1. Kindly establish whether LYS152 is surrounded by fewer than 15 Cβ atoms within 10 Å (Cβ to Cβ) and under 16 Å from the mean Cα position of the chain (by Cα).
2. Among ARG109, ARG104, which is the only one that is touching a Lys or Arg at 6+ places or on another chain (Cβ under 8 Å), more than 17 Å from VAL160 (Cβ to Cβ) and at pLDDT 95 or above?
3. Test ASP16 against the criterion of being closer than 29 Å to GLU127 by Cβ, among the acidic types (Asp, Glu), modelled with pLDDT under 95 and more than 13 Å from the chain's Cα centre (by Cα), and give yes or no.
4. Looking only at the range 1-13, filter to residues that are surrounded by 12 or more Cβ atoms within 10 Å (Cβ to Cβ) and of a type outside the set (Gly, Ala, Ser); which one of those is modelled with the lowest pLDDT?
5. Hey, can you tell me all the residues within the range 118-149 that are among the acidic types (Asp, Glu), within 14 Å of the chain's Cα centre (by Cα) and over 23 Å from GLY76 (Cα atoms)?
6. Residue check, VAL145 against (1) surrounded by fewer than 17 Cβ atoms within 10 Å (Cβ to Cβ); (2) without any contact (Cβ under 8 Å) to a residue 40 or more places away in the chain; (3) not aromatic (Phe, Trp, Tyr), all met but one. Which one?
7. Among the residues of the range 43-56, which ones are more than 14 Å from the chain's Cα centre (by Cα) and either at pLDDT 95 or above or of a type in the set (Asp, Glu) (or both)?
Amino acid sequence: MPKTKSMKSLSDAEIDALPYRPCVGLMVLNAQGKIFVAQRNDMRSMAWQMPQGGVDKGEEPREAALRELEEEIGTGDAEILAESADWHSYELPRELVGKLWKGRYRGQRQKWFALRLRGGDETINIETEHPEFSAWKWADIAEVVDMAVPFKRDLYRKIVEEFQHLTG
């Protein structure tokens, strides 16, 4: 069977020429200052991540953050506490570039938001219309970086550092 475009291997030069996918990331906090993390349902690893998703054409990052909150964890019952000062980027491992996002992006460029969940755990429902997560839990801020896939850890360190004052 021939490889499709979404499965092809790209050269280093082709990868370096690709843009970053515009996205938002969400650090969702509960009343105790714990952080929402979830396991993707399309990954075999034990890695956990914070919610994230693409910014649609013509959409403002703040709007995208609230939409992604609903789409990924099934609630809109949260308030935005802070927005990252900068956009942050991460590179996909080279072997994944041709397999994810139809080979159109080399990684993601993200604007991050810290949000406080207003309700309790009962307001979260990861069994959304298009579920992305198979499990979720609350984590201490000190755990979040080490729980992530290796290629996102530097980014997570920056986000944890920027928003750590909100967890206390």
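1. Details: surrounded by fewer than 15 Cβ atoms within 10 Å (Cβ to Cβ): no; under 16 Å from the mean Cα position of the chain (by Cα): yes.
When the stated conditions are applied, LYS152 does not pass them.
2. Working: ARG104 fails: at pLDDT 95 or above.
Of the residues listed, the single one that is touching a Lys or Arg at 6+ places or on another chain (Cβ under 8 Å), more than 17 Å from VAL160 (Cβ to Cβ) and at pLDDT 95 or above is ARG109.
3. Values: closer than 29 Å to GLU127 by Cβ: no; among the acidic types (Asp, Glu): yes; modelled with pLDDT under 95: yes; more than 13 Å from the chain's Cα centre (by Cα): yes.
No.
4. Ranking the qualifying residues of the range 1-13, first place goes to MET7.
5. Going through the range 118-149, the residues among the acidic types (Asp, Glu) turn out to be 121-122, 127, 129, 132, 140, 143, 146.
If we keep only those that are within 14 Å of the chain's Cα centre (by Cα) as well, we get 132.
Within the range 118-149, no residue meets the criteria.
6. Here VAL145 clears every test but (1).
7. Matches in the range 43-56: ASP56 only.
Yes or no, residue by residue, for (1) touching a helix residue (DSSP H, G or I) at 6+ places or on another chain (Cβ under 8 Å); (2) exposed (fewer than 15 other Cβ atoms within 10 Å of the Cβ):
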{"site": "GLN52", "(1), (2)": "yes, no"}
{"site": "ARG67", "(1), (2)": "no, no"}
{"site": "HIS88", "(1), (2)": "yes, no"}
{"site": "GLU95", "(1), (2)": "no, yes"}
{"site": "LEU115", "(1), (2)": "yes, no"}
{"site": "ASP121", "(1), (2)": "no, yes"}
{"site": "ILE124", "(1), (2)": "yes, no"}
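The values are calculated or read from the model by the stated rules, or taken from the named source; none is laboratory data. It should be emphasised that the depicted structure is a prediction, and the values quoted were computed from it without experimental measurement. Methodologically, a virtual Cβ is constructed for each residue, glycine included, from the backbone with ideal geometry; neighbour enumeration extends over all protein chains shown.
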